[in-house]
1. For residue 353, are the conditions met, namely being within 25 Å of residue 19 (Cα to Cα), in contact (Cβ under 8 Å) with a residue 24 or more places away in the chain and surrounded by fewer than 23 Cβ atoms within 10 Å (Cβ to Cβ)?
2. Condition test on residue 153, is it farther than 23 Å from residue 229 by Cβ, outside the structural domain of residue 367 (by TED's automatic domain parsing), under 26 Å from the mean Cα position of the chain (by Cα) and in contact (Cβ under 8 Å) with a residue 12 or more places away in the chain?
3. Collect the residues in the stretch 16-30 that are under 23 Å from the mean Cα position of the chain (by Cα) and at pLDDT below 95, keeping them in residue-number order.
4. Output the residue which, of all residues in the stretch 135-180 that are farther than 24 Å from residue 109 by Cα and in contact with a helix residue (DSSP H, G or I) (Cβ under 6 Å, 6 or more places away or on another chain), is modelled with the lowest pLDDT.
5. Only one of (1) in contact with a strand residue (DSSP E or B) (Cβ under 8 Å, 6 or more places away or on another chain); (2) farther than 28 Å from residue 1 by Cβ; (3) modelled with pLDDT of 95 or more fails for residue 307. Which number is that?
6. Can you give me the number of residues within the stretch 114-133 that are surrounded by fewer than 18 Cβ atoms within 10 Å (Cβ to Cβ), assigned to a helix (DSSP H, G or I) and touching a helix residue (DSSP H, G or I) at 6+ places or on another chain (Cβ under 7 Å)?
7. Within the stretch 379-395, is there a residue that is touching a helix residue (DSSP H, G or I) at 6+ places or on another chain (Cβ under 7 Å), closer than 25 Å to residue 7 by Cα and either assigned by TED's automatic domain parsing to the domain that holds residue 260 or surrounded by 20 or more Cβ atoms within 10 Å (Cβ to Cβ) (or both)?
8. Counting only residues that are touching a residue at least 60 places away in the same chain (Cβ under 8 Å) and either over 23 Å from residue 405 (Cβ atoms) or part of a loop (DSSP other than H, G, I, E, B) (or both), how many does the stretch 326-350 have?
């Protein structure tokens with residue numbers, strides 16, 4: 001069987017290991033950004049065909065993928081990134097290939113479609129509406145009050161999101177539809193007060209196969225807008241919210257159309273101040289930041305590997321253990337300013353791995369997304385440790401160790 005992998009993740013060197021017959025049966029189309037530090041000539045010899053693109057999200061890449069599928073008799077298209085979900089589903093439809101269809105891909109990317117289906121199934125969601133112009137945005141704010149969250153229908157990592165807290169913010173956002181503005185359809189939602197949790201795992205035929213709930217210390221909006229560290233950790237199974245989050249996840253996946261193949265998912269929920277679990281969103285791909293590494297250390301399960309094998313209809317290759325270690329991660333974003341001091345190591349006793357990519361003396365414009373980072377940390381959480389205390393300790397260490405001007 002011949003597979004085509006659409007890739008923009010740093011997994012090129014893993015593909016030949018994950019697919020031992022890659023030389024005969026794997027066609028790869030990859031974003032050049034996924035090849036930093038990699039010998040492309042060597043990798044090209046590992047696959048049946050290997051194409052590198054500088055316009056990964058563009059139409060030319062879609063045409064290239066379709067052409068390669070026809071040329072090499074591809075039977076399955078495999079993906080790992082949000083940008084590929086709908087367009088790969090549309091390609092499968094045009095080429096008559098098996099796998100996740102467009103209805104499922106749209107339900108897991110279009111937030112209005114997603115949460116409409118969830119609400120129809122009786123699941124709590126924030127009041128929302130699609131807005132096509134300034135009048136519709138203003139009408140929504142009048143009906144539900146401020147703050148209003150304005151976001152892209154298919155956005156990820158808080159890119160393109162804004163929170164309208166007052167009339168000045170509302171007027172500024174309304175100019176989007178004025179002369180020279182980008183216009184377009186956006187999603188308006190009521191602001192939810194509360195903490196944000198996420199659940200990661202595997203789903204097939206609408207049923208959750210494996211999952212574990214985690215807590216964010218700060219919201220993704222704060223990481224993107226205010227450069228707050230993206231710090232998260234796995235809940236203890238005895239915590240009251242653990243079972244409630246797993247049940248909410250199962251209800252959401254049952255409400256949305258999914259594929260028969262095994263797929264990874266990343267779900268986010270609010271725990272509101274009135275003790276309600278409210279769906280924020282769910283994606284049918286592996287989560288970003290440190291989720292891949294955290295999940296693999298905990299269960300021996302790499303969600304990229306599992307998603308590719310699931311889409312290849314090779315579920316027997318997807319294995320995981322019980323919980324090996326409860327862990328967490330810190331993704332530390334750039335501030336808007338000059339990085340003056342960057343810690344070279346993390347002294348916390350629970351630190352497992354700490355790496356840096358920031359450059360002291362360099363001026364940064366601020367975070368480009370909620371998962372942008374100048375340093376990354378993975379850490380363990382002991383059985384008897386309070387999760388929130390651990391997350392705050394990581395936050396306090398970073399805040400005291402880094403310096404910006």
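1. When the stated conditions are applied, residue 353 does not pass them.
2. yes
3. Within the stretch 16-30, no residue meets the criteria.
4. Of everything passing the filter in the stretch 135-180, 174 is modelled with the lowest pLDDT.
5. For residue 307, the exception is condition (2).
6. Summing the residues that are surrounded by fewer than 18 Cβ atoms within 10 Å (Cβ to Cβ), assigned to a helix (DSSP H, G or I) and touching a helix residue (DSSP H, G or I) at 6+ places or on another chain (Cβ under 7 Å) in the stretch 114-133 gives 1.
7. No, the stretch 379-395 contains no residue that is touching a helix residue (DSSP H, G or I) at 6+ places or on another chain (Cβ under 7 Å), closer than 25 Å to residue 7 by Cα and either assigned by TED's automatic domain parsing to the domain that holds residue 260 or surrounded by 20 or more Cβ atoms within 10 Å (Cβ to Cβ) (or both).
8. Number satisfying all stated conditions: 8.
The values are calculated or read from the model by the stated rules, or taken from the named source; none is laboratory data. None of the values given here were measured: they were computed from a predicted structure. Methodologically, a virtual Cβ is constructed for each residue, glycine included, from the backbone with ideal geometry; neighbour enumeration extends over all protein chains shown.
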